[in-house]
1. Out of 196, 190, 185, which single residue is in contact with a Gly (Cβ under 6 Å, 6 or more places away or on another chain) and either on the phi < 0 side of the Ramachandran plot or without any contact (Cβ under 8 Å) to a residue 24 or more places away in the chain (or both)?
2. Show the residue pairs meeting these rules: Cβ distance below 9 Å; 6+ apart or different chains; first residue within region 63-87 and more than 20 Å from residue 115 (Cα to Cα) and in contact (Cβ under 8 Å) with a residue 12 or more places away in the chain; second residue of a type in the set (Asp, Glu) and in a helix (DSSP H, G or I).
3. From the residues in region 205-225 that are crowded, with 18+ Cβ neighbours inside 10 Å and touching a residue at least 40 places away in the same chain (Cβ under 8 Å), which one is farthest from the chain's Cα centre (by Cα)?
4. Out of everything in region 110-151 that is among the aromatic types (Phe, Trp, Tyr) and touching a residue at least 12 places away in the same chain (Cβ under 8 Å), what residue ends up being nearest to residue 213 (Cα to Cα)?
5. With the checklist (1) in a helix (DSSP H, G or I); (2) buried (at least 17 other Cβ atoms within 10 Å of the Cβ) in hand, flag the one item residue 280 doesn't pass.
6. Hey, does region 96-107 have a residue that's more than 20 Å from the chain's Cα centre (by Cα) and surrounded by fewer than 22 Cβ atoms within 10 Å (Cβ to Cβ)?
7. Tell me, which residue of region 138-174 that is over 19 Å from the mean Cα position of the chain (by Cα) and assigned to a strand (DSSP E or B) is surrounded by the fewest Cβ atoms within 10 Å (Cβ to Cβ)?
8. Could you grab me the full set of residues in region 226-277 that are buried (at least 17 other Cβ atoms within 10 Å of the Cβ), part of a helix (DSSP H, G or I) and among the small types (Gly, Ala, Ser)?
Amino acid sequence: MYKTLSPGAIGIRGLSLADSIALAARTGFGGLDFNIAEAAQLADEIGTQGVKALFEEAGIRFGAWGLPVRWQSDDWEADLAQLPSYAALAAALGADRTSTWCPPSSDQRAFDQNFNWHVARFQPIAAALAEHGIRFGIEFIGPQTLRPPHKHAFIYDMGGMLELAAALGTGNVGLLLDAWHLYTSGGAVSDLDKISNADIVNVHVNDAPLDLRMHEYIDNDRRLPLETGVLPLRDFMRKLAELGYDGPVTPEPFSARLNAMDDALQAAQITAESMNQLWELAGLA
């Protein structure tokens with residue numbers, strides 16, 4: 001596995017793909033999560049091999065690219081029609097992981113209806129990706145605050161998301177596994193004994209605020225890895241290593257402190273330091 005930068009996850013906006021690659025390399029990350037539509041636009045200018053060379057020359061591996069299908073929208077099929085071309089580009093680049101997230105509740109649909117609705121939306125997406133050898137990760141969302149009593153609860157934990165992945169039947173769907181969501185869903189590191197590397201598409205790490213009870217966690221208020229020690233990140237990372245996980249590990253702290261920084265380099269350096277400390281603590285350095 002390798003430390004991967006997602007500029008947007010630490011409040012960095014407006015960088016080009018080339019600048020993001022350079023920032024990841026300068027701050028010691030091994031990979032970069034990126035926007036496939038931006039990569040496609042750049043490939044039109046410099047060619048697919050030119051885009052690939054930008055990564056290779058900087059020593060930066062491909063992380064996960066965000067799924068470019070607005071699958072919750074009524075006009076999602078327009079995006080779906082473009083997905084094969086994006087998937088073909090990603091395959092040519094060697095960027096074989098994409099992911100999205102799944103809301104843990106619904107205003108309109110009860111659980112069974114919502115499950116079937118998600119299968120109907122995700123199945124053609126997963127099939128289009130599978131045609132090009134692209135793995136598809138879906139993130140379960142853990143905090144109880146996103147499952148209020150007036151809504152229909154949906155999948156919010158690892159087991160439920162694996163059931164949905166299996167129901168798609170395409171063989172290329174697994175987890176976007178986030179340490180925050182594992183913890184806030186009531187899960188534990190020992191739950192990872194039930195899965196394998198093949199079940200994990202990409203990973204997010206972060207920490208949680210101090211002195212909150214489980215029902216008080218707010219999804220967009222997190223901390224940098226190891227900032228508070230609330231999440232058992234050392235054991236989480238060691239378990240991933242035991243599973244032979246070989247993909248990107250991306251910090252996603254949703255940190256107000258980082259988001260307020262005007263200096264992208266400073267924000268990336270602070271984040272890189274937290275990841276280096278995590279690697280060292282887990283015995284991965």
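The values are calculated or read from the model by the stated rules, or taken from the named source; none is laboratory data. Quick caveat: nothing in here was measured; it's all calculated off a predicted structure. Cβ placement follows ideal geometry from the backbone for every residue including glycine, while neighbour counts extend to all protein chains displayed.
1. Numbers: 196 fails: in contact with a Gly (Cβ under 6 Å, 6 or more places away or on another chain); 190 fails: in contact with a Gly (Cβ under 6 Å, 6 or more places away or on another chain).
Testing whether each residue is in contact with a Gly (Cβ under 6 Å, 6 or more places away or on another chain) and either on the phi < 0 side of the Ramachandran plot or without any contact (Cβ under 8 Å) to a residue 24 or more places away in the chain (or both) leaves just 185.
2. Going by the 9 Å Cβ cut-off, the qualifying pairs are 68/79.
3. Applying the first criterion (crowded, with 18+ Cβ neighbours inside 10 Å) to region 205-225 yields 205-208, 217, 222-225.
Pick out the ones that are also touching a residue at least 40 places away in the same chain (Cβ under 8 Å) and you get 205-207, 217, 222, 224-225.
Values: 205: 9, 206: 12, 207: 15, 217: 19, 222: 15, 224: 15, 225: 15 Å.
Applying the filter and picking the extreme gives 217.
4. Step one: filter region 110-151 for residues among the aromatic types (Phe, Trp, Tyr), giving 111, 115, 117, 122, 136, 140.
Narrowing further to those that are touching a residue at least 12 places away in the same chain (Cβ under 8 Å): 111, 115, 122, 136, 140.
Working: 111: 26, 115: 29, 122: 34, 136: 32, 140: 20 Å.
Checked region 110-151; the qualifying residue nearest to residue 213 (Cα to Cα) is 140.
5. (2)
6. yes
7. Among residues in region 138-174 that are over 19 Å from the mean Cα position of the chain (by Cα) and assigned to a strand (DSSP E or B), the one surrounded by the fewest Cβ atoms within 10 Å (Cβ to Cβ) is 152.
8. Residues satisfying the conditions are 264, 267, 268, 272, 274.
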